[in-house]
Each structure stands twice: as structure tokens, then as C-alpha cells.
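Single-structure report; data block below.
The values are calculated or read from the model by the stated rules, or taken from the named source; none is laboratory data. All figures in this text were calculated on a predicted structure; none of them were measured in a lab. Please note: Cβ atoms are built from the backbone with ideal geometry, for glycine as well, and neighbour counts cover all protein chains shown.
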Amino acid sequence: MTSIDAGPTGRLRLAPSILAADFGSLAEQVRAIDDETDWLHVDVMDGHFVPNVSIGPPVVTSLRRYSDRFFDCHLMMTEPGRYFEAFKAAGADGCTIHVEIGDTAALLTEARAVGLRVGLAANPDSPFATVAPFLGQIDLLLLMTVFPGFGGQSFIGEVMGKVTEARREIDVQGVAVDLEVDGGIDERTAPVAVAAGANVLVAGSAIFSRPDPLAAARSLRRVAMKA
């Protein structure tokens, strides 16, 4: 399957997270917010790396029939390397792994080898130093603003210092790396994250839990762009 272009690095992007959507009408919900979707964020949880289980490649395959957006798959998994080919075949465009699981350089190489855009994530308590050595190997750095596993958590503002540090280093090195934040992103926190240096905003509850998800996404983008 041909990958969908992620678009110019550094541009502000909204990545609605389907974790907060109603899975009974997932296709309809994804289509309803399409006009305000840059990337579609797909949270994959294995019940081992995080204490929750979500979806896998079959759901990605089903969703791909209803969306031609960039699929940003966040693999919260202990053994993501076992599934790179399956996610690629299902329609994933990018896969992000966690630095906390180890063997980072090899896993990033494996993901790149199957044609995926490559991302690296860090939990709120993992310092920037854990991901800094890999900036030259990745397309996306995801700094979690909640501890992964469940949607609807409160934004951890202390992570913004790490976001600023990451933005500074990305700019100094001149690498083409998008800087993404995920967790508790809403109209109050989105401008804070953008001001700190993030350019990709993952939002779930702030979009899908609202009476009009499209209007919520539109409003979220509007306030973020004013930061």
C-alpha cells in the first residue's frame, strides 16, 4: 500500500484520537471530522506495556476504506516490531514506538525498512535525554502529556519544559522532526503546548466527547493557531 504524505514538517496539525470515539459508529465519526483532520491518531495498546487493550491492524484496515488521511499509529506495546509489517499492510502511514521498551535504534530501523514514517514516544517521567540521541533517525517525536493507557486524563503541565527543550534541539540540529503532544489536549492546553513548541496536537475527548465533534475540532484548531 502506498503511504500517504504526512505533509510539510513543522506545520501545525490536528490529529484527532479515535480512542475517544464511539466504536459502534467509528467510520461515521471519522468522516464527520474529516474537514478538520490533518492526521488520524490511532492508539494501539497491548495490555502489557500499558494496562489497557484497544485495537489492532484489522480496525486500521476497516478504517482505511473511509479515510484518506495520514494514519498516525501510536504503538503502546512491549513488542511493536512484531507488528510493523501488519500495520503497514493494514494502511498505517506512520508508527510510533516508546523509548521505554528499549532496543530503540533497531526498532526504528525495522519500522523504516517496511516503509513506515517513524516516530518515538516518551512518557511524562522520561527525560528528554532518553530520546535526544535518536532525533536523526525519526520523523516524529511524541511527548506524552499524560501517562499512556486511558483517554480523558488531565494534562501534565510539567511536560512543557521538555517540549521546549525538544523544540530547541530539533531547531538547532535542523532535523525534519514533527513534535507531537498527546494527553489532555483541549482549548485551554492546546495553546500552551503550541507556545512551548509542539506542532502536532492529539485530541480525543475534546473532540469526540462534544455534541458537535466537527465544531469542537474547528474551535480547537482556531485557538491553537493563535498561540
Among 99, 42, 53, the single one that is among the hydrophobic types (A, V, I, L, M, F, W, C), at negative phi and without any contact (Cβ under 8 Å) to a residue 24 or more places away in the chain is 53
Can you tell which of 220, 135, 143 is outside any helix (DSSP H, G or I) and under 17 Å from the mean Cα position of the chain (by Cα)?
143
Could you say whether any residue in the stretch 137-154 is polar (S, T, N, Q), closer than 22 Å to residue 9 by Cβ and modelled with pLDDT of 95 or more?
yes
Tally up the residues in the stretch 151-183 that are under 22 Å from residue 94 (Cβ atoms) and under 17 Å from the mean Cα position of the chain (by Cα), please.
14
If you check residue 121 against the conditions, is it of a type in the set (A, V, I, L, M) and assigned to a helix (DSSP H, G or I)?
no
One residue from 227, 203, 217 being at pLDDT below 95, among the small types (Gly, Ala, Ser) and in contact with a Pro (Cβ under 8 Å, 6 or more places away or on another chain):
227
Report every pair of residues separated by at least 6 positions or lying on different chains whose Cβ atoms are under 9 Å apart, first residue within the stretch 136-149 and over 17 Å from residue 126 (Cα atoms), second buried (at least 24 other Cβ atoms within 10 Å of the Cβ) and among the β-branched types (Val, Ile, Thr).
136/177; 138/96; 138/177; 139/177
Could you figure out which of (1) touching a strand residue (DSSP E or B) at 6+ places or on another chain (Cβ under 7 Å); (2) in contact (Cβ under 8 Å) with a residue 40 or more places away in the chain; (3) within 22 Å of residue 143 (Cβ to Cβ); (4) not acidic (Asp, Glu) isn't true of residue 107?
(2)
Condition check: in contact with a helix residue (DSSP H, G or I) (Cβ under 8 Å, 6 or more places away or on another chain), surrounded by fewer than 17 Cβ atoms within 10 Å (Cβ to Cβ) and of a type outside the set (Ser, Thr, Tyr). Does residue 174 satisfy that?
no
Assess whether residue 87 counts as being buried (at least 18 other Cβ atoms within 10 Å of the Cβ), of a type outside the set (A, V, I, L, M) and not in a loop (DSSP other than H, G, I, E, B).
yes
